[in-house]
1. Taking the residues in region 115-150 that are acidic (Asp, Glu) and modelled with pLDDT under 85 as candidates, determine which candidate is nearest to ASP180 (Cα to Cα).
2. Of the numbered conditions (1) in contact with a Pro (Cβ under 7 Å, 6 or more places away or on another chain); (2) in contact (Cβ under 8 Å) with a residue 40 or more places away in the chain, PRO58 satisfies every one except a single condition; which is it?
3. Which residues, taken from region 72-120, are more than 29 Å from GLY19 (Cα to Cα), in a strand (DSSP E or B) and small (Gly, Ala, Ser)?
4. Every residue in region 33-47 that is assigned to a strand (DSSP E or B) and without any contact (Cβ under 8 Å) to a residue 60 or more places away in the chain, please.
5. Considering only region 105-123, I want to know if a residue exists there that is within 16 Å of the chain's Cα centre (by Cα), surrounded by 15 or more Cβ atoms within 10 Å (Cβ to Cβ), closer than 18 Å to ILE93 by Cβ and in contact (Cβ under 8 Å) with a residue 12 or more places away in the chain.
6. Of these, ALA42, ALA88, ALA51, which one is modelled with pLDDT under 95, under 27 Å from GLU134 (Cβ atoms) and not β-branched (Val, Ile, Thr)?
7. So SER50 fits all but one of (1) among the hydroxyl-bearing types (Ser, Thr, Tyr); (2) within 30 Å of SER110 (Cβ to Cβ); (3) in a strand (DSSP E or B); what number is the exception?
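The values are calculated or read from the model by the stated rules, or taken from the named source; none is laboratory data. Given the structure is predicted, the values throughout are model-derived calculations rather than measurements. Don't worry about glycine lacking a Cβ; one is built from the backbone with ideal geometry, like all the others, and counts go over all protein chains shown.
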Amino acid sequence: MSSSEPSHQPLTLDGGPLGQLLFDWHQDRYRHAWQFGESVPALTSIESDSAEIWPVSPPLQQIHEQSFGDGRQVVFGVGMAGRGHWSASFTLIPDLRCWIVELACRCPVSPERLMSSYQATAQPTTDTHRVQLEQAPHVCLEAISPAAILEATDDQVRFQPAQITTGAATTQWAFRIRVDG
């Protein structure tokens, strides 16, 4: 029986007018970014180093792309940090003009923190559950069910579960990136 090591090749999911989702290998995990027509990504995941037990973004060590007949394109990712097992799906939904990001972490103990953190190239403006990126096309980030709390400061955006289950459990959170115009 033979085994193969992951290639850690970059991956791009091209959403045309809805932007591109880019994955590249960074230290021991995949970093991801969204680019909306500019030469510089508008949002780039902030990654912790391998020593961090509760990273600031899911530590995705394996990714897989899949296309569906209804036009959806999805990148699935999995990884581990500390004792947590992380999973993510990044879905391009052209009919709804958006990307849906669903995240989960399974842990045998109560986590200190769970979140997804992004560096923004422009200062985001925030209302209750939405962040607007000041650029063309109009890009809006929204916390969606399962409930997530959205934080935006200066040039960073963070999504995290509204409630983290104590003890051994799986915690989920999600957000949407809408692209108009």
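1. Looking at residues that are acidic (Asp, Glu) and modelled with pLDDT under 85, I get GLU134.
2. (1)
3. Within region 72-120, ALA81, GLY84 meet the criteria.
4. Passing the criteria: ALA33, GLN35.
5. Scanning region 105-123 turns up no residue that is within 16 Å of the chain's Cα centre (by Cα), surrounded by 15 or more Cβ atoms within 10 Å (Cβ to Cβ), closer than 18 Å to ILE93 by Cβ and in contact (Cβ under 8 Å) with a residue 12 or more places away in the chain.
6. ALA42
7. (3)
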